[in-house]
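Novice: So that we are looking at the same thing, I have put the structure below in structure tokens.
The values are calculated or read from the model by the stated rules, or taken from the named source; none is laboratory data. All figures in this text were calculated on a predicted structure; none of them were measured in a lab. No Cβ is skipped: glycine too gets one built from the backbone with ideal geometry, and neighbour counts run over all protein chains shown. Note: areas computed on protein heavy atoms with side chains; ligands, DNA, RNA excluded. Shrake-Rupley method; radii C 1.70, N 1.55, O 1.52, S 1.80 Å.
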Amino acid sequence: MGLSSAAAIASEAIQLCIFDLRRGQHEGQELDKILFFFPAGLPFSKQLSVIGLSEGLITFTRIFSPEAACEVIEAERHRHVFYESEPDVWMVMVVEKSNDSEAIWRDDALRKVLKEVHSLFVMFHGSIRALLEKEPGGELARRHLYSFIMDYLRDFLVGKKLLLPSFRDCLKERGTVQMLTIGREAAIEVQSLVRMLESCAGNSSCYSLILFQDLLVSTTLSPDDTINLFTYAVLRLTPHALSSGVSSWSYLRKGNTGSNFATESILAHSRSVSDSFYGSSDTSPDGDTHHHVVRPLQHDKWSKGKDGYLVTDIWGAEVGNWAYATPTVWLQQTQEKMYLCAYQHRNLTLILLVPVSIILNGEQGVSVVKQQVLENASLKILKVEEKLSKGWGGENAYHVSGYRYLLVDGDRNVSRASPAGKVATLNKDSLLSMSKVREEVDLEKNRAKRDGSGCERDLEFCIRAKNNAWVIARVTRGKELYMVLEKANETLLYASDAVEKFSNRYCNGAFSLD
């Protein structure tokens, strides 16, 4: 199969575009509004057709709802999922409806994919609007968006298909962190380590994030910054991500090495036909490295150095020095640019963020901070890792026998779920029913937001699936519990009692009806 045919297979299933409503409003300038399009191999006439339809739908729906942005449009053959990432900058995912029994998606899950890739992009490159203001022609923004999103999509490409979060992922919640439960003694040791890390940088505006395996142990960042950095760490920095070269939480680890050629063929085709519009991802035509585009989501670019620090050549090397440049990120809450220093000991990953503004000597100053950590915190790091390892129950630590569940605390942006291996044992009918229940919950939550009352309703859904499994959802005071009970007693009373027992034992009674 040729490259163009392979690309066509991917393009039929999904199209992803980013456009700016403030641009390209005059005849002959329509291309200016396109900031990103996948697959880029589509003729510009078709790209403009998709964007023009999306723009029309946005304008039309604003007549009836000026304050609330358009979110989803269902058509006969396609579903359009909208996300206004920045004022007048829209991300739209167009998904083709098919007879494929696996191609069943939840709108909110698709929108969270758009939100995640934008949040990660802003963390590394700043806002899209800022890039457009820096270079009004749009070439700078297009280069950055193209390289970043194509690297992001590699985690979703399996063979010739772009696989999105489907009904099989209904017991997962993107845009949340997963916490490690630790005892009092371990918590005291962790807090001591956090204070020590921040003292090594000698400035109170430094921040830290600590992970054990792929679970969050501690953070001093804001909730949004915590989610962004946690997501990136699990994608590319944790021991599992470094050893496998892929993200450990991704639901798309179904492919095999034999499919890599097809995957790269699709991406290579998109790149070859779009270079003239998006520009090179590395240098300008005359070789000017000033236009080098940092690609933080590239695979196999991070490794652990002899001193325990994680290193990468993604950010290039310091001028006149063979040492790799230290990665930098932008914090959403403070809008500060920070050096990212990541250290790893066995299963423990520590991330220290130091303001670029306080490091006077660039890489030399960062090296001093790193050395301070090694000299002052090494023993504490060893002790914390040892204590957490002793208390760790393995990958099935949060499995509850007889239950397959997802627990979401929306106020804290934290989730906990049954291990993926356990969820995989569920019957397809159970997962389909849970996906439908979650869609109903999403609808009710969106209605509550539109009402503007500020009060979330308590919700409860309890249905019997085709395979006689109980599928249950309870929502109360910002917390959500989703549960599947297979091979359970046929009575509703049994299902209700099972939820009560789970709530009392693992949720401090948050979902109890008493």
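Novice: Of these, ARG142, ARG79, which one is modelled with pLDDT of 90 or more and out of contact with any helix residue (DSSP H, G or I) (no Cβ under 7 Å at 6 or more places or on another chain)?
Specialist: Checking each option against the conditions leaves just ARG79.
Novice: Could you tell me whether the range 431-442 includes any residue that is crowded, with 16+ Cβ neighbours inside 10 Å, free of Cβ contacts under 8 Å to residues at least 24 places away in the same chain and under 25 Å from the mean Cα position of the chain (by Cα)?
Specialist: Checked the range 431-442: at least one residue is crowded, with 16+ Cβ neighbours inside 10 Å, free of Cβ contacts under 8 Å to residues at least 24 places away in the same chain and under 25 Å from the mean Cα position of the chain (by Cα).
Novice: With respect to ARG111, is the statement that it is surrounded by 15 or more Cβ atoms within 10 Å (Cβ to Cβ), modelled with pLDDT of 95 or more and within 21 Å of LEU432 (Cα to Cα) true?
Specialist: Working: surrounded by 15 or more Cβ atoms within 10 Å (Cβ to Cβ): yes; modelled with pLDDT of 95 or more: yes; within 21 Å of LEU432 (Cα to Cα): yes.
Yes; evaluated as a whole, the condition is true for this residue.
Novice: Is there any pair with a first residue in the range 323-340 that is assigned to a loop (DSSP other than H, G, I, E, B) and a second that is among the aromatic types (Phe, Trp, Tyr) whose Cβ atoms are under 6 Å apart and which are 6 or more apart or on different chains, and what are they?
Specialist: ALA325/TRP315; THR326/TYR339; PRO327/TRP315
Novice: Being farther than 24 Å from ASN413 by Cβ, open to solvent by less than 20 Å² (accessible area, probe 1.4 Å), at pLDDT below 95 and of a type in the set (Gly, Ala, Ser) narrows it down to one of GLY255, GLY245, so name that one.
Specialist: The unique qualifying residue is GLY245.
Novice: If you don't mind, there's one more thing I want to ask. Can you find, within the range 361-379, the residue that is nearest to ALA201 (Cα to Cα) among those that are in contact (Cβ under 8 Å) with a residue 40 or more places away in the chain and open to solvent by less than 40 Å² (accessible area, probe 1.4 Å)?
Specialist: So, considering only residues that are in contact (Cβ under 8 Å) with a residue 40 or more places away in the chain and open to solvent by less than 40 Å² (accessible area, probe 1.4 Å), the one nearest to ALA201 (Cα to Cα) is VAL369.
Novice: Sticking with this structure for a sec: Mind listing just one residue for me: the one in the range 151-183 that is assigned to a helix (DSSP H, G or I) and out of contact with any Leu (no Cβ under 6 Å at 6 or more places or on another chain) and, of those, surrounded by the fewest Cβ atoms within 10 Å (Cβ to Cβ)? Break it down stepwise before answering.
Specialist: Of the residues in the range 151-183, the ones assigned to a helix (DSSP H, G or I) are 151-153, 167-169.
If we keep only those that are out of contact with any Leu (no Cβ under 6 Å at 6 or more places or on another chain) as well, we get 153, 169.
Working: LEU153: 22, ASP169: 20.
Selected residue: ASP169.
Novice: List, please: which pairs have Cβ atoms under 8 Å, are six or more places apart or on different chains, and start with a residue in the range 54-72 that is in the same structural domain as VAL92 (by TED's automatic domain parsing) and among the hydroxyl-bearing types (Ser, Thr, Tyr) and end with one that is in a loop (DSSP other than H, G, I, E, B) and open to solvent by less than 40 Å² (accessible area, probe 1.4 Å)?
Specialist: Close Cβ pairs (under 8 Å, with a partner that is in a loop (DSSP other than H, G, I, E, B) and open to solvent by less than 40 Å² (accessible area, probe 1.4 Å)) amount to THR61/CYS70.
Novice: Right, another one. I'd like the residue in the range 119-138 that is in a helix (DSSP H, G or I) and farther than 22 Å from ASP224 by Cβ and, out of all such residues, is most open to solvent (accessible area, probe 1.4 Å).
Specialist: LYS134
Novice: Does the range 432-460 hold any residues that are in contact with a helix residue (DSSP H, G or I) (Cβ under 6 Å, 6 or more places away or on another chain) and closer than 18 Å to LYS112 by Cβ, and which are they?
Specialist: Scanning the range 432-460 gives SER435, ASP442.
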